[in-house]
1. Pulled fully out, how much extra length does the chain show between His18 and Lys130, if you take 0.36 nm times their separation in residues and subtract their Cα-Cα distance?
2. Using only C-alpha positions, report the orientation-averaged shadow area of the convex hull of the range 106-234, nm², one decimal.
3. Report the net charge of residues surrounding Leu213, where surrounding means a beta-carbon distance below 13 angstrom and charges are Lys +1, Arg +1, Asp -1, Glu -1.
4. Which net charge results when you count Lys and Arg as +1 and Asp and Glu as -1 among the other residues whose beta-carbon is under 9 Å from that of Thr158?
5. Which of rounded, prolate, oblate describes the range 19-84, given a ≥ b ≥ c as roots of the alpha-carbon gyration tensor eigenvalues and a/c under 1.5 marking rounded, otherwise prolate only if a/b is larger than b/c?
6. Which whole-number percent gives the relative contact order of the range 144-213, counting Cα pairs below 8 Å spaced six or more residues apart?
7. How many angstrom separate the Cα center of the range 50-65 from the Cα center of the range 178-234?
8. Net charge around Ile141, counting only other residues with Cβ within less than 12 Å of its Cβ (Lys, Arg = +1; Asp, Glu = -1)?
Amino acid sequence: MSPCSKNAVTKNLDRYYHLLGLEPGASIEEVNQAYKDLVFIWHPDRIPGDNRRLQEKAEEKLKSINEARDSLRAAHREGRTSESRASRRSPSPPSPRRNPRSSSSYRRPPRRPSRDLSHADLRGANFREKDLSGRNMEGAILVDANLSDAFMHRVNLTGADLSGANLFRANLLEADLRYAILRDTNLIGADLSGADLRHADLRGAKVGTSNRLLVKLTGTKLTDAILPDGSVYQ
């Protein structure tokens, strides 16, 4: 395989790893687990039937996830990922005749956006339908933020301030919301299955009608959380 072909293969593999939220060179076990997590989040059956636009988006996302998983499995079978990993760990030294940093043709490679949003000031931000799964948002200020229909599977929101935020139909599966402030937050239609809400403050949060709970709480941890009516869950 020519050097140009190898570079093209490596770039494609990196793109597939990125689609699955993994670092290049991740093991096949990590690929499989990431695939399962993303399918659980993006499966069209989880999207309300009346939201056709979001269902189409989920279908396209699922196609990309399937392509990434299948391509990385094939690459692992052929041993190409080990070549990619080795090339990253042992890059070719620059030619002594030319200093790449002094060359007019040198370009610093672009950095990918950081997944760490801990303690960030995001008040009023619009994250509608955004995929924030797995992000570290510990202590972030999300007052009055729009997080409706957002995918936040396993997001770390420990101690975050979500006062007045709109979490309508947000996917918060297994999210860490310990000590989070959720006062007057709109949680109608949100999925908090498996989430950790211990010691969270939910006073005034919208969770349903007077006689019907409209939030999924399967397996949710609520010990010592302050509930919408001001009582403490024991």
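1. Length gained, His18 through Lys130: 38.7 nm.
2. Computed as one quarter of the Cα hull surface, the answer is 7.7 nm².
3. +1
4. Its environment carries a net charge of -2.
5. prolate
6. The value is 28 percent.
7. The two parts, judged by their Cα centres, are 28 Å apart.
8. -3
The values are calculated or read from the model by the stated rules, or taken from the named source; none is laboratory data. Remember, predicted model here, so these are calculated numbers, not experimental data. Here Cβ is always computed from backbone atoms with ideal geometry, including for glycine, and neighbour counts include all displayed protein chains. With ligands, DNA and RNA removed, areas are computed over all heavy atoms of the protein, side chains included. Shrake-Rupley method; radii C 1.70, N 1.55, O 1.52, S 1.80 Å.
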